[in-house]
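Worksheet for the structure shown next.
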Number of protein chains: 2
Amino acid sequence: MDSKKLENIFGALSSSLRLRMTLLMVKRPFCVCELENIFDVSQPAISQNLKILKAANLIGEKREKQWVFYSTNKELLSSAFGEFLELLEKEDAFIEIVGLKISDLPHDPQKSCEILQRKKEVLKSDLLQGGN
Amino acid sequence: MDSKKLENIFGALSSSLRLRMTLLMVKRPFCVCELENIFDVSQPAISQNLKILKAANLIGEKREKQWVFYSTNKELLSSAFGEFLELLEKEDAFIEIVGLKISDLPHDPQKSCEILQRKKEVLKSDLLQGGN
DNA sequence: TAAGTATATTAGCATATGCTTATGAAGTTC
DNA sequence: GAACTTCATAAGCATATGCTAATATACTTA
């Protein structure tokens, strides 16, 4: 579970529609035509949002006759949140994320900013950035 | 913790920059000028993203001399995720979210869709929608 | 109080998102 | 295999998002 996967999960759950769909599909599998009527958006909108949830691995699908049933992957949610909370505790997460050791930076913001500015000029910015 | 608050939290964590900022500020408080140099975006971009994190209550701020120090509200994250997982288990979450009892819907998608379509025509859509 | 520093806000712009309508593809049923 | 149903994809458009540059505000210090 890298941070890109977490980003996708959080992004998938950041819309009201997808959050409600996720909370619904945890109860039992639903097909697209049911979801379309429950949430009062067009069928393509449902499909598109299911695609986003699926890309985040938050739902699974199962074809049955002419229907496709989608259901929430509850285990993934639990484990993702758990791993995120672990990441918060992890002492060296700082290094992985910004390429710095926490001990490199004094608490005094004046000194800290000087160090960072120098570092910024030396290092290429792509070492620090991971896109958006 | 209603679903709107969860939405804000997930939205706040759905960008790479804000996710990394959150993981960083859990280690110790940081001021804007430090963050600006760490993440190689402009100072206004940092302030704007801090504002989003703060609106989701994910960070707290503490003024000290001319600096404003921001730090991650770790407890909120734990409790938010916990409450979301509880919501997934909650039997009647379905009712709150879509205004229907799960027992109203047969598993047979053909019958289920018919019921939903009738319900859709009867009920105003604003009972089912919560915006995006 | 003037100058300097840190942060916030505004305006503007490029890109992303999220819907709708139209269409395509795949499976079902008669 | 033709009509029907279900779902996915594409095109188009309006709005949201996220940055930068410019400016304002607030605090600090001499």
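The values are calculated or read from the model by the stated rules, or taken from the named source; none is laboratory data. Please read all numbers here as calculations on a predicted model, not as lab measurements. Positions of Cβ are backbone-derived with ideal geometry, glycine not excepted, and every protein chain shown enters the neighbour counts. Side chains included, ligands, DNA and RNA excluded: accessible areas come from the protein's heavy atoms. Shrake-Rupley method; radii C 1.70, N 1.55, O 1.52, S 1.80 Å.
Summary table below
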| read-out | value |
| --- | --- |
| Estimated FRET transfer efficiency (A:Ile115, A:Asp2; beta-carbon r; R0 35 Å; 0.05) | 0.80 |
| With DNA, RNA and ligands ignored, accessible area of B:Met21 (1.4 Å probe; Å², nearest 10) | 0 |
| Average other protein chain Cβ within 10 Å of Cβ, residues B:31-37 | 5 |
| Label distances, nm, B:Pro106 versus same residue in remaining copies, Cβ-directed 7 Å point | 7.6 |
| Burial ranking of peptide ranges B:9-20, B:64-75 (average Cβ count within 10 Å, highest at the top) | B:9-20, B:64-75 |
| Sites A:Lys54 and B:Leu85 - FRET efficiency at Förster radius 22 Å, r taken between beta-carbons, to 0.05 | 0.60 |
| 7 Å along Cα→Cβ, label-point gaps from B:Asp2 to other copies, nm, shortest first | 3.9 |
| Within 10 Å of each Cβ in B:73-82, the average number of Cβ atoms from other chains | 2 |
| Peptide ranges A:77-86, A:30-39 listed from the most packed, as the mean C-beta count within 10 angstrom indicates | A:30-39, A:77-86 |
| Inter-copy label distances at A:Arg118 (7 Å, Cα→Cβ; nm, one decimal) | 7.7 |
| Under the Debye formula (equal points on every Cα, no solvent term), log10 I(q)/I(0) of the stretch B:3-75 at q = 0.14, 0.16, 0.25, 0.27 Å⁻¹ | -0.38, -0.50, -1.19, -1.37 |
